[in-house]
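Each remark here refers to the structure printed beneath this line.
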Amino acid sequence: MRKSIAYCFLFVNLACNTSMEVRTEGNYEALVLPDGSQVYLNHHSSISYQEDFDPRTVNLSGEAFFFVKPNESIFTVATTHGDIEVLGTEFNVKTTSDQVAVDVKKGLVELKTKYDRSKVKKGTKAVYKDGEQAVQKIKSNKEYLKWIRSLEKDFKALGKQLKPALREIGNDFKKAGKKIGDEFKN
């Protein structure tokens with residue numbers, strides 16, 4: 001009897017832990033994770049994580065830039081080629097069918113593959129390719145800045161498009177507030 005209750009509890013617990021997923025096609029996505037960390041997803045990428053975000057783990061396919069909020073618990077980016085673990089930092093991860101590359105802008109991360117564990121510091125890019133038994137480290141070429149700048153341009157353009165509409169909404173609120181104020185005076 002106790003085993004069946006335990007299995008039932010485990011099943012209900014697993015069923016209630018919802019998986020969240022964000023996919024991009026020809027667009028970018030920016031999201032804030034439950035712990036306050038920020039992620040920018042490049043084109044043709046996806047990220048998934050458990051809704052309760054415990055442990056702090058995301059699964060990544062494609063490319064994303066992370067601003068990890070410092071926390072006592074480890075933040076893990078899981079890819080098909082290995083995992084990247086951090087406590088709080090800024091870095092880019094790019095996965096392809098045969099490799100994973102980590103480019104650290106700020107802080108320190110650890111790239112763990114089935115063959116190697118490698119600490120990667122600011123200004124360094126680490127690349128692991130399938131079939132190789134070691135992680136190659138090179139000076140960062142900050143290649144990720146190209147798509148980050150493009151994302152920022154898109155956000156600025158969107159802001160310019162929204163500005164007139166937001167101004168009009170603000171004016172409508174002011175008029176409505178004035179009207180309500182006038183009615184209270186009467």
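A few comments on the model shown:
- Filter result for GLU85 (open to solvent by 10 Å² or more (accessible area, probe 1.4 Å) and within 20 Å of TRP147 (Cβ to Cβ)): no
- Of the residues making up the range 53-68, those that are assigned to a loop (DSSP other than H, G, I, E, B), more than 25 Å from GLU143 (Cβ to Cβ) and of a type outside the set (Asp, Glu) are PHE53, PRO55.
- Against the list (1) open to solvent by 10 Å² or more (accessible area, probe 1.4 Å); (2) of a type outside the set (Asp, Glu); (3) within 22 Å of ARG149 (Cα to Cα); (4) in contact with a strand residue (DSSP E or B) (Cβ under 7 Å, 6 or more places away or on another chain), the condition THR76 fails is (3).
- A count restricted to the range 36-52 and to residues that are part of a loop (DSSP other than H, G, I, E, B) and either open to solvent by 80 Å² or more (accessible area, probe 1.4 Å) or closer than 13 Å to VAL77 by Cβ (or both) stands at 5.
- Cβ-Cβ under 8 Å pairs, at least 6 apart or on other chains, the range 97-118 side closer than 18 Å to GLU143 by Cα, far side open to solvent by 90 Å² or more (accessible area, probe 1.4 Å) and small (Gly, Ala, Ser): none
- Tabulated pairs, the range 135-161, first in contact (Cβ under 8 Å) with a residue 40 or more places away in the chain, second hydrophobic (A, V, I, L, M, F, W, C), C-beta under 8 angstrom, 6+ apart or interchain: TYR144/PHE65; ILE148/PHE65; LEU151/ALA30; PHE155/ALA30
- Listed here are the strands (runs of 3 or more DSSP E) enclosed by the range 88-186 that have at least 2 residues being modelled with pLDDT of 85 or more, open to solvent by 100 Å² or more (accessible area, probe 1.4 Å) and over 26 Å from LEU31 (Cβ atoms): 117-121, 136-139.
- Residue within the range 21-35 that is open to solvent by less than 50 Å² (accessible area, probe 1.4 Å), among the aromatic types (Phe, Trp, Tyr), under 8 Å from the mean Cα position of the chain (by Cα) and closer than 22 Å to GLU152 by Cβ present: no
- Only one of the numbered conditions (1) of a type in the set (D, E, K, R); (2) over 20 Å from SER140 (Cα atoms); (3) touching a strand residue (DSSP E or B) at 6+ places or on another chain (Cβ under 6 Å) is not met by LYS94, and that is (2).
The values are calculated or read from the model by the stated rules, or taken from the named source; none is laboratory data. Treat the numbers as computed from the prediction; the structure is a model and nothing was measured. Counting neighbours? That spans all protein chains shown, and the Cβs are built from the backbone with ideal geometry, glycine included. Only protein heavy atoms, including side chains, enter the accessible area calculation; ligands, DNA and RNA are left aside. Shrake-Rupley method; radii C 1.70, N 1.55, O 1.52, S 1.80 Å.
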